[in-house]
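Worksheet: one structure, shown below.
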Amino acid sequence: MISQFFRHCLENWDFFLEFGKNLSFIGEEYPLVIDGEEYRIDLLFFHRELKCLVPIELKISEFKPEYVGKMQFYLAALDEKIKLPDENPSVGLIKKLLEMDE
């Protein structure tokens, strides 16, 4: 059964289509292990033209400054552990979803 959260993501799919055909999906809840602790990126893509990883964090609440710190943490970890030498630095997005029904 698909979660309400990911169903809501699918309803916001037009946002992702704006990136065009060069955005390739890598995974959802993509695991990153750092110092023995596991973190999960909501969605991870690779942009073929820009040649970089694109992590996307999906939020259902209003913006909070700590979201930026978390994204910077993910970008540094991706560039250190996942990015290949010939790829460009990762570029992250924080996307607020439309309000979900209770």
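The values are calculated or read from the model by the stated rules, or taken from the named source; none is laboratory data. Quantities reported herein were computed from a predicted structural model and do not represent experimental measurements. In this analysis, Cβ positions are derived from the backbone assuming ideal geometry, glycine residues included, and neighbour counts consider all displayed protein chains.
For every residue, the table says whether it meets (1) modelled with pLDDT of 95 or more; (2) assigned to a helix (DSSP H, G or I); (3) not β-branched (Val, Ile, Thr).
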site	(1), (2), (3)
45	no, no, yes
50	no, no, yes
79	yes, yes, yes
83	yes, no, yes
86	yes, no, yes
| task | Please list, ordered by first then second residue, the pairs with beta carbon atoms under 9 Å, 6 or more apart or interchain, first in the range 62-75 and in contact (Cβ under 8 Å) with a residue 60 or more places away in the chain, second of a type in the set (Ser, Thr, Tyr) and surrounded by 10 or more Cβ atoms within 10 Å (Cβ to Cβ). | result | none
| message | Return the residues of the range 88-102 that are among the charged types (D, E, K, R) and at pLDDT 95 or above; say none if nothing qualifies. | response | none
| query | Taking into account only those residues within the range 33-80 that are within 19 Å of residue 18 (Cβ to Cβ) and of a type in the set (Phe, Trp, Tyr), which is farthest from the chain's Cα centre (by Cα)? | reply | 46
| note | Flagged in the range 75-88 as surrounded by 13 or more Cβ atoms within 10 Å (Cβ to Cβ) and within 19 Å of residue 31 (Cα to Cα), in numbering order, are 75, 76, 77, 78, 79, 82, 83
| If you go through the range 59-74 one residue at a time, how many are buried (at least 18 other Cβ atoms within 10 Å of the Cβ) and either closer than 12 Å to residue 24 by Cα or aliphatic (A, V, I, L, M) (or both)? | 1
